[in-house]
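Notes follow the structure.
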């Protein structure tokens, strides 16, 4: 258990829609170790988003066990879950979820506002350190509309890092980005993972999953495949090759 950040056993999630029961998860068993870089894959309705919500403590399973960094999540009330989320998990979303009238620095500081023991100076210093780790220290006072999509996602990653979480959960983090910017974002995740940070992403893109070291595919609420990638792709813009489209192909 000590080497496992996430451990789920016989995880079941059932939704009731009138008289109909929808079985979103059907007895999932999975362990995610420290320093894993995992891609959760599957078609719409496969259960991957439900699984992500549960391991992110945004939802509770109908049945089964879930331990996050050794803590039994089932025994926690809503306030305890909120505190656990803030301390243990960093979230990155497809749509960035930045406050539009708030600078990059202030967006990154947001998770620290719930910790009354942190001074304003420490809050500022930690946020700047997080921005520096994603290469955006010089853009700290820019607002989201002054940043590119890739820069906005970097701010979101910095915000996920600022509380020093045990795991980063990213839901389609490259879904709104072009190919080049997607590779840049995956490079950041790879560099963070090399530093020992556990990263779990949901993606429907096989190319993006190729940058991780483990691919878990869901289908009909069950795990279809759980594959270790011995040699993940290196996320480098210099190595990126984009097919050239001729004028004839565009007609």
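Each value in this text was obtained by applying a stated rule to the coordinates, not by laboratory testing. Please read all numbers here as calculations on a predicted model, not as lab measurements. Glycine also receives a Cβ, built like all others from the backbone with ideal geometry; neighbour counts cover every protein chain displayed.
Would you please give the FRET efficiency between residue 191 and residue 20, computed as 1/(1 + (r/R0)^6) with r the Cβ-Cβ distance and R0 = 41 Å, to the nearest 0.05? My answer for the efficiency is 0.35.
Can you give the helix-only mean residue ellipticity at 222 nm for the chain, where every DSSP H stretch with n ≥ 4 adds -39500 (n - 2.57) and the sum goes over all residues, rounded to the nearest 500 deg cm²/dmol?
Values: 8 runs with 76 residues, N = 251.
Result for the chain: -8500 deg cm²/dmol, rounded to the nearest 500.
Estimated from the Cβ-Cβ distance and a Förster radius of 35 angstrom, the FRET efficiency linking residue 80 and residue 239 is about 0.20.
Can you tell me, using C-alpha contacts under 8 Å and at least 6 residues apart, the relative contact order of the range 43-111 as a whole percent? This gives 20 percent for the range 43-111. Model label points for residue 101 and residue 116, set 7 angstrom from Cα along the Cα-to-Cβ axis, are 2.7 nm apart.
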